[in-house]
Every structure is written in structure tokens, then in C-alpha cells.
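The values are calculated or read from the model by the stated rules, or taken from the named source; none is laboratory data. What you are looking at is a predicted structure, and each value in this text was computed from that prediction instead of being measured. Cβ coordinates were reconstructed from backbone atoms using ideal geometry, including for glycine residues, and neighbour counts include every protein chain displayed. Keep in mind that these areas ignore ligands, DNA and RNA; they rest on the heavy atoms of the full protein, side chains included. Shrake-Rupley method; radii C 1.70, N 1.55, O 1.52, S 1.80 Å.
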Amino acid sequence: MARRPRRNHSAAFKAKVALAALKGDKTMSELATQFDLHPNQIKQWKDQLLDGVSDVFEDKPKSKEPEIDITSLHAKIGQLTL
């Protein structure tokens with residue numbers, strides 16, 4: 001029996017599956033057959049969704065770029081020019 005190649009799922013698909021698991025309309029095995037996934041994978045995505053829900057309501061916006069210390073960069077440029 002040949003192994004299935006590794007699949008990479010998009011974030012939208014993971015969210016869709018996790019929300020379906022949170023609804024509770026279907027069992028894990030029914031969701032697994034519907035989305036062609038293992039029930040453990042659905043459980044992991046559901047737990048990740050529940051852990052990250054509190055981040056949605058935080059007041060501080062998340063910046064994707066790290067903080068850059070400009071003064072240290074200017075000092076470094078000064079050292080390199082000398």
C-alpha cells in the first residue's frame with residue numbers, strides 16, 4: 001500500500017474544520033470522513049482555535065515587523081564608516 005503524500009492545508013481550511021468541530025453537530029469520526037482527516041488532527045486544530053481565541057480580543061494590535069532599534073543601527077553605521 002502506497003503512502004499518501006504529505007498534504008499542507010490552508011489556514012482557512014483549518015479554521016473551517018475547527019469551527020465545524022466546535023459546533024458539535026457531528027461526531028469527530030463523521031467530521032473525519034467528511035474532510036478526509038484523522039480525528040486527532042481535527043482535535044488538535046480545535047484546541048489551537050480555542051487557545052488562540054483570546055488573542056482576537058486583545059487591545060494591542062500585533063505588529064508583524066519586529067521592533068528595530070534605530071540608534072544602535074546609526075552607531076553601527078558610524079563605526080563602519082570610520
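Tabulated values for the structure
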| read-out | value |
| --- | --- |
| Farthest positive-ward along the chain dipole, Cα basis, beta-carbon charges - from Ala15, Thr27, Gly78 | Thr27 |
| Nearest-20 debye value, the chain charge dipole, Cβ charges on Lys, Arg, Asp, Glu | 560 debye |
| Non-local Lys pairs in the chain, i.e. 8 or more apart or on different chains, that have alpha carbons under 23 Å apart | 14 |
| Listed candidates (1) 6.7; (2) 10.6; (3) 9.7 - label of the one calculated as mean projected area of the Cα convex hull in nm² | (2) |
| For the stretch 10-56: accessible area per residue (Å², 1.4 Å) | 67 Å² |
| Computed lengthening from Lys76 to Gln44, 0.36 nm per intervening residue step minus Cα-Cα distance | 7.0 nm |
| Helix 11-23 vs. the chain, principal-axis angle (Cα, 0 to 90°, nearest 10) | 50 degrees |
| Taking the convex hull of Cα positions in the stretch 1-41, its mean projected area over all directions (nm²) | 3.3 nm² |
| The chain: angle of helix 70-81 to the longest principal axis, Cα-based, in degrees nearest 10 | 50 degrees |
